[in-house]
Amino acid sequence: MKAYIQGIGCYVPEKRVSNDDLAKIVDTSDEWIYSHTGIKNRHIAAEDEASSDLALRASRDALERAGKSPTDLELILLATATPDHLGFPSTSCVLQDKLGAANAAAMDLAAACTGFIYGLETARAFIEAGIYRNILVVGTEVLSKITNWKDRNTCVLFGDGAGAALVTAADTGSSRGIVTSHLAADGSGAGVLSRPVGGTRTPFVEGRTTPESTLLYMDGRKVYYFAVSVLGKTIETLLEKSGLSLEEIDFIVPHQANVRIIEACAKRLSIPMEKFYMNIEEFANTSAASIPIALTDMSLKGILKPGHLVLTVGFGGGLTYGGNIIRW
Ligand code: ACO
């Protein structure tokens, strides 16, 4: 059995916030944000929208394109760093109910921005082992609700959104499919990107916990250097594992975190920037949703066509990193 992406979809909230809008609430400017990150806009969820709501829209989109119904699903793998609830119920269970996917098992996957990459490889393993035939892999985030809107170092970087892929079994002889993946982690960097308070390590204590400590914390510099180093290593590992050359890869779809990180990686490996697909300008960093949003974008624009070879690559909190090679 081979596992291939039969349908892809996404959803971003209607509310669009520009860099100029942000300059009204923190000491920043369009010039600083764009020149340091490549971001111009981000989409922000409504007050009553949670990660499962965005995931629902993206999932319906992916299922419709695949010509499948929710009851065909046997497993939902949902990657998020911003679940509807802390710990339980899982956001995948909330989605399973909303979607009416009565025959599907459901579990969440915590690998931050690398979540969709981890999800695709997990789906491939289930399918190639002959356990399931139809798996929905979702990346969904409402980062705006864990963002410190007073911290200009982080609040300009993130956006909300969701992307989903219906991963299906095909005969081994099929040309389409997930060719190979590489999943990796470096837990020694756990403190570089975290939500310091609210878990069992440091629970919320009334009167002592400050609201800011429950929000996203990031050491931007350390993440930057980590990212540049692991993106290059991951691309090299994927090419080695697959026996493919860089020239045979049609597109590299990186986690959309910062254009400057991609430029540094491209320079280090002498890869032309045109090979990387970027849409960070419109959506900012949507963590686990950024790669499926980019794939949907490319597919709808007719950039990505059946037969193309796509390499995804990403990094995120944990720290985690990895990538996939997919024959579209
Ligand atoms: N507007 C204006 N000035 C700012 C802003 C802002 N929004 N943010 C920071 N600055 C200032 C800083 O205060 C600092 O000023 P100082 O020198 O007076 O102290 C100056 O700009 C330079 O700050 P640096 O941190 O050195 O800026 P740098 O060029 O490194 O860019 C950035 C910062 C964009 C965060 C970069 O380090 C980066 O991209 N890091 C990786 C972030 C990332 O990829 N995160 C993904 C996380 S994974 C996940 O999604 C959970």
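The values are calculated or read from the model by the stated rules, or taken from the named source; none is laboratory data. In this text, all values refer to a predicted model and were calculated from it rather than measured experimentally. Positions of Cβ are generated from backbone atoms using ideal geometry, with glycine treated the same way; all protein chains shown enter the neighbour counts. Quick note on the areas: whole protein, heavy atoms, side chains included, nothing else; ligands and nucleic acids left out. Shrake-Rupley method; radii C 1.70, N 1.55, O 1.52, S 1.80 Å.
Give me the residue from the range 247-274 that is part of a helix (DSSP H, G or I) and surrounded by 17 or more Cβ atoms within 10 Å (Cβ to Cβ) and, out of that set, farthest from the ligand (Cβ to nearest atom).
We begin by selecting, within the range 247-274, every residue part of a helix (DSSP H, G or I); these are 247-248, 259-269, 273-274.
Retained after the next criterion (residues that are surrounded by 17 or more Cβ atoms within 10 Å (Cβ to Cβ)): 259, 261-262, 264-266.
Details: V259: 9, I261: 6, I262: 10, A264: 10, C265: 12, A266: 15 Å.
Taking the candidates together, the pick is A266.
Mind telling me which of the residues I131, I135 ends up being under 21 Å from A110 (Cα atoms) and among the aliphatic types (A, V, I, L, M)?
Criteria check complete, one pass: I135.
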Next on the checklist: For the range 122-167, which positions are more than 18 Å from the chain's Cα centre (by Cα) and not hydrophobic (A, V, I, L, M, F, W, C)?
Outcome noted: E128, G130, Y132, R133, N134, N148, K150, D151, R152, N153
Checklist outcome for this item: Considering residues that are under 22 Å from the mean Cα position of the chain (by Cα) and outside any helix (DSSP H, G or I), the number found within the range 59-73 is 1
Checklist outcome for this item: Of the residues in the range 73-107 that are within 16 Å of the ligand (Cβ to nearest atom) and not hydrophobic (A, V, I, L, M, F, W, C), the one that is farthest from I291 (Cα to Cα) is P83
Checklist entry - In the range 275-328, how many are on the phi > 0 side of the Ramachandran plot, open to solvent by 10 Å² or more (accessible area, probe 1.4 Å) and within 16 Å of the ligand (Cβ to nearest atom)? => result 1
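So, in the range 205-228, exactly how many residues are near the ligand (Cβ under 9 Å from one of its atoms) and assigned to a helix (DSSP H, G or I)? Quick ask: steps written out before the conclusion?
Going residue by residue through the range 205-228, those that are near the ligand (Cβ under 9 Å from one of its atoms) are 216, 218-227.
When the remaining residues are screened for being assigned to a helix (DSSP H, G or I), the result is 220-227.
Going through the range 205-228 one residue at a time, the tally reaches 8.
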Next on the checklist: Based on this model, can you work out whether A129 counts as touching a strand residue (DSSP E or B) at 6+ places or on another chain (Cβ under 8 Å), away from the ligand (no atom under 13 Å from the Cβ) and either at negative phi or of a type in the set (A, V, I, L, M) (or both)?
Outcome noted: no
Checklist entry - Applying the selection to the range 1-42, what residues are in contact with a Phe, Trp or Tyr (Cβ under 7 Å, 6 or more places away or on another chain) and open to solvent by 30 Å² or more (accessible area, probe 1.4 Å)? => result V12, I25, K40
Next on the checklist: Go through the range 143-183 and report how many residues are away from the ligand (no atom under 13 Å from the Cβ), at pLDDT 95 or above and aliphatic (A, V, I, L, M).
Outcome noted: 9
Checklist outcome for this item: Taking first residues from the range 181-194 that are on the phi < 0 side of the Ramachandran plot and hydrophobic (A, V, I, L, M, F, W, C) and second residues anywhere that are open to solvent by 50 Å² or more (accessible area, probe 1.4 Å) and assigned to a helix (DSSP H, G or I), the pairs with Cβ under 7 Å that are 6 or more apart or on different chains are V192/K222
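Before we move on, is D53 part of a loop (DSSP other than H, G, I, E, B), under 18 Å from the mean Cα position of the chain (by Cα) and buried (at least 18 other Cβ atoms within 10 Å of the Cβ)? Please lay out each step first, then the result.
On the way: part of a loop (DSSP other than H, G, I, E, B): no; under 18 Å from the mean Cα position of the chain (by Cα): yes; buried (at least 18 other Cβ atoms within 10 Å of the Cβ): yes.
Against the criterion (part of a loop (DSSP other than H, G, I, E, B), under 18 Å from the mean Cα position of the chain (by Cα) and buried (at least 18 other Cβ atoms within 10 Å of the Cβ)), D53 does not qualify.
Please go through the range 275-285 and give me each residue that is of a type in the set (A, V, I, L, M, F, W, C) and either part of a strand (DSSP E or B) or touching a strand residue (DSSP E or B) at 6+ places or on another chain (Cβ under 9 Å) (or both), ordered by number.
Of the range 275-285, the ones of a type in the set (A, V, I, L, M, F, W, C) are 276, 278, 280, 283-284.
Selection gives F276, M278, F283, A284.
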